[in-house]
Structure formats: structure tokens, C-alpha cells
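Beneath this line is the structure, given in C-alpha cells, with notes to follow.
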Amino acid sequence: MNYDKLCKDVLELEPQIRFAGIYTQSGETKGVGMRENVESLLNPEETKMSLYYASLRWKTGKTLSHRMGKEKYSMAEYEKVKLISIPIEEKYLLLVSTETRVDHDKVIKEIFKLIETHSKEN
């Protein structure tokens, strides 16, 4: 799968999507895209911290998957941004940030379609 292309396609879904990045559990970047003319809310160190916490939530969820099933996604809404986390291929995590007024249900459904399309391309 071309992860940079997937991130680019996620950004094209909706003008209110600010950022899309794909990471390993250890924090290695596999693909990334940032909307032009959008100021990051976090500095690089805070971004690493945010990634760490998203990865930790993902790992924690895996420990209960035998009871609840696999995690499909998680979403958190803050005053300034919404953060969406979606596991990809059981080993990567797609992180997406959006403006708060976005219809996150619609965005998540569209992201799943993109992931499926990109998975079939390989």
C-alpha cells in the first residue's frame, strides 16, 4: 500500500481535514500529509506525545479484543480539533485530525472506503 498516497487521498476527502499520518506502534512514520495553510496546534514534541498516547490506546484496546472484537476506530473531540485513529493492516495506525465542525461519521466511512481501495491496489 502506498501510505503517502493514502494520506493525500484522505486530505482530499474533506477541506476540514487538517492532517493525516500513518505510524507504526513504535512511532515510525509510514506516510504523512498536512493541509497547506493550516497551522499545527502542536509543536514537534507534543506531536510525538500525541502519537504515543494514540498508540497506547490502540495497544490497550488490543488486550480486550478477545472480548469486544477488533477496534475499528477511535475518535476524540477537543475544543479545537477532532482526532480520529484507525488501525490499518493490524500493524499501523492512521491518525487524522479535523476541524470540530466536520461530520466525523461521514469522514470515517469515506476513510474506510479509501483504505479498502488502496488495499486492493497492491
Give me the residue from the stretch 44-80 that is modelled with pLDDT under 90 and of a type in the set (Lys, Arg) and, out of that set, farthest from Gln25 (Cα to Cα). Arg67
Of all residues in the stretch 1-45 being over 13 Å from the mean Cα position of the chain (by Cα) and acidic (Asp, Glu), the one that is surrounded by the most Cβ atoms within 10 Å (Cβ to Cβ): Glu14
Among the residues of the stretch 81-102, write down those that are modelled with pLDDT of 95 or more and loosely packed, with under 12 Cβ neighbours inside 10 Å. Arg101
Scan the stretch 111-122 residue by residue and report those that are buried (at least 16 other Cβ atoms within 10 Å of the Cβ) and at pLDDT 95 or above. Ile111, Leu114, Ile115
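Out of curiosity, is Lys70 part of a loop (DSSP other than H, G, I, E, B) and of a type in the set (D, E, K, R)? Step through it out loud before you land on a result.
Details: part of a loop (DSSP other than H, G, I, E, B): yes; of a type in the set (D, E, K, R): yes.
Taking the combined requirement at face value, the residue satisfies it.
Every residue, every condition in (1) more than 24 Å from Lys113 (Cβ to Cβ); (2) in a strand (DSSP E or B); (3) acidic (Asp, Glu), yes or no:
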{"residue": "Leu6", "(1), (2), (3)": "no, no, no"}
{"residue": "Arg18", "(1), (2), (3)": "no, yes, no"}
{"residue": "Asn37", "(1), (2), (3)": "yes, no, no"}
{"residue": "Glu45", "(1), (2), (3)": "yes, no, yes"}
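The values are calculated or read from the model by the stated rules, or taken from the named source; none is laboratory data. Source: prediction; values computed, not measured. Cβ sites come from the backbone with ideal geometry, for glycine too, and all protein chains shown count toward neighbours.
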